[in-house]
1. Checking Ala97 against (1) hydrophobic (A, V, I, L, M, F, W, C); (2) touching a residue at least 24 places away in the same chain (Cβ under 8 Å); (3) within 29 Å of Ile137 (Cα to Cα); (4) buried (at least 18 other Cβ atoms within 10 Å of the Cβ): exactly one of these is not met. Which one?
2. Here is a list: Lys154, Lys139. Which entry is part of a helix (DSSP H, G or I), surrounded by 18 or more Cβ atoms within 10 Å (Cβ to Cβ) and touching a residue at least 12 places away in the same chain (Cβ under 8 Å)?
3. Lys84: under 28 Å from Gly127 (Cα atoms), at pLDDT 95 or above and not small (Gly, Ala, Ser), yes or no?
4. (1) over 26 Å from Ile20 (Cβ atoms); (2) in contact with a Gly (Cβ under 7 Å, 6 or more places away or on another chain); (3) part of a strand (DSSP E or B): which one isn't true of Phe98, the others all being true?
5. Out of Ile94, Ile26, Ile101, report the one residue that is of a type in the set (A, V, I, L, M), on the phi < 0 side of the Ramachandran plot and in contact with a helix residue (DSSP H, G or I) (Cβ under 6 Å, 6 or more places away or on another chain).
6. Tell me which of these Lys43 doesn't satisfy, since it passes every other one: (1) charged (D, E, K, R); (2) more than 14 Å from the chain's Cα centre (by Cα); (3) surrounded by 20 or more Cβ atoms within 10 Å (Cβ to Cβ).
7. Have a look at Gly127, Gly60 and point out the one that is at pLDDT below 95 and farther than 22 Å from Thr44 by Cα.
Amino acid sequence: MEDGKGKKENGTEIILHTSIGAPIQIVFDCARSIDIHQLSTAKTNEKAIAGRTSGLCELGDEITWRAKHFWIYQTLSSKITKLKAPYHFQDCMINGAFSFIKHDHFFEETNGVTEMKDVFAYGVPYGILGKLFNRIILKKYMAAFLNERNRVIKEVAENR
C-alpha cells in the first residue's frame, strides 16, 4: 500500500460502496465539496481553516481542517493529488496525527444511479499502542465517520 507519496506503508484500509440516485457529475461535485463535507461533519465541528475553505476541490488544492475528535481539537492538512472528472479523485494527508492518509474516491454511473466507492487507507503512529487503539476503536470510528459523510452526500445529491 502506498501513502500517496510513493512510499510503501503498512496501514488499515476501509472500502465503502454507496449507491446514489443522481447523475455522476452531481455526485462527483458533492463528494469534493468542502461545504457539504462540513455539513456532514457537524458532530465533530469540522471546519476548513486554511487553503481552500469553500467550494469544490480541484487538483493541487490544499485544505487544512480543524475538528474535535476524541475530545481533542486537531488539525489535518490534505492535498488533492489526483483528479479525473467525474470518475476519480484522491486526497492525501500532508500534515496531521496519522502516519499517512490516502483517500481514493471512485464514481461510476449506470442507468442514472452512481456508484461511489471510497478506498480510505491510513496508518497510525505510536507502535503497538497505536495498532491496539486502531483495532479496538479507531477503525470503527473512521468507518462511521465516512459512512455519515456518504449519507449526507447521498441526501444532497438525490435532492438537488
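The values are calculated or read from the model by the stated rules, or taken from the named source; none is laboratory data. In this text, all values refer to a predicted model and were calculated from it rather than measured experimentally. Note that each Cβ is placed from the backbone with ideal geometry, even for glycine, and that neighbours are counted across all protein chains shown.
1. Every condition holds for Ala97 apart from (4).
2. Lys154
3. no
4. All conditions are met except number (3).
5. Ile26
6. That leaves (3) as the condition not met.
7. Selected residue: Gly127, the only one of Gly127, Gly60 that is at pLDDT below 95 and farther than 22 Å from Thr44 by Cα.
For every residue, the table says whether it meets (1) within 23 Å of Asp35 (Cα to Cα); (2) surrounded by 15 or more Cβ atoms within 10 Å (Cβ to Cβ); (3) touching a residue at least 12 places away in the same chain (Cβ under 8 Å).
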| residue | (1), (2), (3) |
| --- | --- |
| Glu58 | yes, no, yes |
| Tyr73 | yes, no, no |
| Ser78 | yes, yes, yes |
| Leu83 | yes, yes, yes |
| His88 | yes, yes, yes |
| Met93 | yes, yes, yes |
| His103 | yes, yes, yes |
| Glu109 | no, yes, yes |
| Asn150 | yes, yes, yes |
